[in-house]
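The values are calculated or read from the model by the stated rules, or taken from the named source; none is laboratory data. Every value quoted in this text rests on a predicted model; they were computed, and no experiment measured them. When we count neighbours, we look across all protein chains shown, and the Cβ atoms used for this are built from the backbone with ideal geometry, even at glycine. Please note that ligands, DNA and RNA were not included when accessible areas were found on the heavy atoms of the full protein model with its side chains. Shrake-Rupley method; radii C 1.70, N 1.55, O 1.52, S 1.80 Å.
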Amino acid sequence: PGTSLKLPGTSQGGGPSPAVRPVTQSGRPITGFVRPSTQSGRPSTMEQAIRTPRTALTARPITSASGGYVRLGTALFEYIFHHENDIKNALDLAALATEHAQFKDWWWKVQIGKCYYRLGLYREAEKQFKSALKQQDMVDTILYLAKVYLRLDQPVTALNLFKQGLDRFPGEVTLTCGIARIYEEMNNISSAAEYYKDVLKQDNTHVEAIACIGSNHFYSDQPEIALRFYRRLLQMGVYNCQLFNNLGLCCFYAQQYDMTLSSFERALFLAENEEETADVWYNLGHVAVGIGDLNLAYQCFKLTLVNNNDYAEAYNNLAVLEMRKGHIEQARALLQTASSLAPHMYEPHFNFAILSEKVGDLQRSYTAAQKSEEAFPGHVDTQQLIKQLKEHFAML
């Protein structure tokens, strides 16, 4: 922990526990902003496989030669790399061009580095980017090199690189933002917030920084302050489902109930796909639990699952409602579904352990409690349950 993104530290940076802030499958806290790196369009995914290079290369002759042959080479590379997605041919072209320039052109070295990165040859990419930086100091090249280090799971090296870059380009927003993202992924939330504030000093309309600071305040139990940040985004012209969803939650926790439902209504109206709709219904279910209307909550969680059948949190909450009604079998089935969909969440495991203990199935209860402890070692109730069960087994 502290040097790897695969094992983000929990306590050293004042990061909130999973009981306060939901975590992703890799154990990192959910960020306040959806970024390309957290999306599914990475290499080695299904989306990438579908976007394989298209082979229908046209036989159209190259037009007007007066446009300068140098520009033609770069334009051709960009076309092959970005449009055709044919990385190997792009790499060949860049290698020939670098040779032709007698290895003195930094731009072509960066392009070779980009090709190596896409092909998964990270160490070769690192060499090219470093060589390009020696010839020409560019912010873009620093960002590419940092991406390589993050893919190699060396966040500390990437942080040092960004900080050296800031010495040479003081106040560069993209570098400051890069540092903040890495701290956030390493669960060092307080440092991340500091750097996001630095970003806002340079560019006070930076949507990502405002959204991330807002979400940090929300999970630090300061919904009123988070509300100010989200309203700032609204004033800037950001108008989407996620923003109204967050505004609704902030209003609810800040006890401004008159605004809560209208925000969620607007969010439902603006939802672009079923996942977003499911999120809004799930949050409405939470609001319903908060005001004590359990029938409405039940309906909302059901609607969540209608829109997104893999919503582990909704299965977990439905199970709790079923337990309250005394429907033990339904609750057990829902909890098993939730824990198979999201093994990284501690709640379904813990609830299953409690349920099994109540009906006298102590072996299953113990197994589930151990899984809950793995997912969230600091959970006091889980530790107490395990202690009770161990005492019981000792008596047997």
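Can you tell me how many residues in the stretch 185-210 are in contact (Cβ under 8 Å) with a residue 60 or more places away in the chain, surrounded by fewer than 24 Cβ atoms within 10 Å (Cβ to Cβ) and either small (Gly, Ala, Ser) or more than 16 Å from residue 242 (Cα to Cα) (or both)?
Final tally of qualifying residues: 5.
So in the stretch 229-248, with the set limited to residues that are among the aliphatic types (A, V, I, L, M) and either surrounded by fewer than 22 Cβ atoms within 10 Å (Cβ to Cβ) or touching a strand residue (DSSP E or B) at 6+ places or on another chain (Cβ under 6 Å) (or both), which one is farthest from residue 284 (Cα to Cα)?
236
Out of 375, 353, 369, which single residue is in contact (Cβ under 8 Å) with a residue 60 or more places away in the chain and either more than 20 Å from residue 302 (Cα to Cα) or touching a Cys at 6+ places or on another chain (Cβ under 6 Å) (or both)?
On the way: 353 fails: in contact (Cβ under 8 Å) with a residue 60 or more places away in the chain; 369 fails: in contact (Cβ under 8 Å) with a residue 60 or more places away in the chain.
The match here is 375.
In this structure, is residue 219 of a type in the set (Phe, Trp, Tyr), surrounded by fewer than 24 Cβ atoms within 10 Å (Cβ to Cβ), in contact with a Phe, Trp or Tyr (Cβ under 7 Å, 6 or more places away or on another chain) and in contact (Cβ under 8 Å) with a residue 60 or more places away in the chain?
no
Looking at 286, 344, which one is open to solvent by less than 50 Å² (accessible area, probe 1.4 Å), within 29 Å of the chain's Cα centre (by Cα) and of a type outside the set (A, V, I, L, M)?
344
Quick one: residue 325 ticks every box in (1) surrounded by fewer than 13 Cβ atoms within 10 Å (Cβ to Cβ); (2) more than 29 Å from residue 304 (Cα to Cα) except a single one, so which number is it?
Single failed check for residue 325: (2).
Of all residues being over 22 Å from residue 329 (Cα atoms) and part of a loop (DSSP other than H, G, I, E, B) in the stretch 354-379, which is most open to solvent (accessible area, probe 1.4 Å)? Just the residue, please.
Going through the qualifying residues, I end up with 377.
Does residue 318 count as open to solvent by less than 20 Å² (accessible area, probe 1.4 Å) and either assigned to a loop (DSSP other than H, G, I, E, B) or not acidic (Asp, Glu) (or both)?
In short, yes.
For the stretch 290-300, give me each residue that is part of a helix (DSSP H, G or I) and either touching a strand residue (DSSP E or B) at 6+ places or on another chain (Cβ under 7 Å) or open to solvent by less than 70 Å² (accessible area, probe 1.4 Å) (or both).
Those that are part of a helix (DSSP H, G or I) and either touching a strand residue (DSSP E or B) at 6+ places or on another chain (Cβ under 7 Å) or open to solvent by less than 70 Å² (accessible area, probe 1.4 Å) (or both): 290, 294, 297, 298, 300.
Residues of the stretch 140-153 being loosely packed, with under 15 Cβ neighbours inside 10 Å and within 23 Å of residue 171 (Cα to Cα), which ones?
The one that is loosely packed, with under 15 Cβ neighbours inside 10 Å and within 23 Å of residue 171 (Cα to Cα): 140.
Taking the condition open to solvent by 30 Å² or more (accessible area, probe 1.4 Å) and either on the phi > 0 side of the Ramachandran plot or out of contact with any His (no Cβ under 7 Å at 6 or more places or on another chain) (or both), does residue 156 pass? Step through it out loud before you land on a result.
Values: open to solvent by 30 Å² or more (accessible area, probe 1.4 Å): yes; either on the phi > 0 side of the Ramachandran plot or out of contact with any His (no Cβ under 7 Å at 6 or more places or on another chain) (or both): yes.
Yes, satisfied.
For the stretch 270-281, check the following and say yes or no: at least one residue is open to solvent by 50 Å² or more (accessible area, probe 1.4 Å), farther than 29 Å from residue 319 by Cα and outside any helix (DSSP H, G or I).
No, the stretch 270-281 contains no residue that is open to solvent by 50 Å² or more (accessible area, probe 1.4 Å), farther than 29 Å from residue 319 by Cα and outside any helix (DSSP H, G or I).
Each row is one residue, and each column tells you yes or no for (1) open to solvent by less than 40 Å² (accessible area, probe 1.4 Å); (2) part of a helix (DSSP H, G or I).
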residue: 93; (1), (2): no, yes
residue: 98; (1), (2): yes, yes
residue: 109; (1), (2): yes, yes
residue: 120; (1), (2): yes, no
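Name, by its number, the condition in (1) under 20 Å from residue 115 (Cα atoms); (2) open to solvent by less than 60 Å² (accessible area, probe 1.4 Å) that does not hold for residue 134.
(2)
When the stretch 380-396 is examined, which residues are found to be farther than 22 Å from residue 314 by Cα and open to solvent by 30 Å² or more (accessible area, probe 1.4 Å)? Full working, then the answer.
First, the residues of the stretch 380-396 that are farther than 22 Å from residue 314 by Cα: 380, 383-396.
Hits for the stretch 380-396 are 380, 383, 384, 387, 388, 390, 391, 392, 393, 394, 395, 396.
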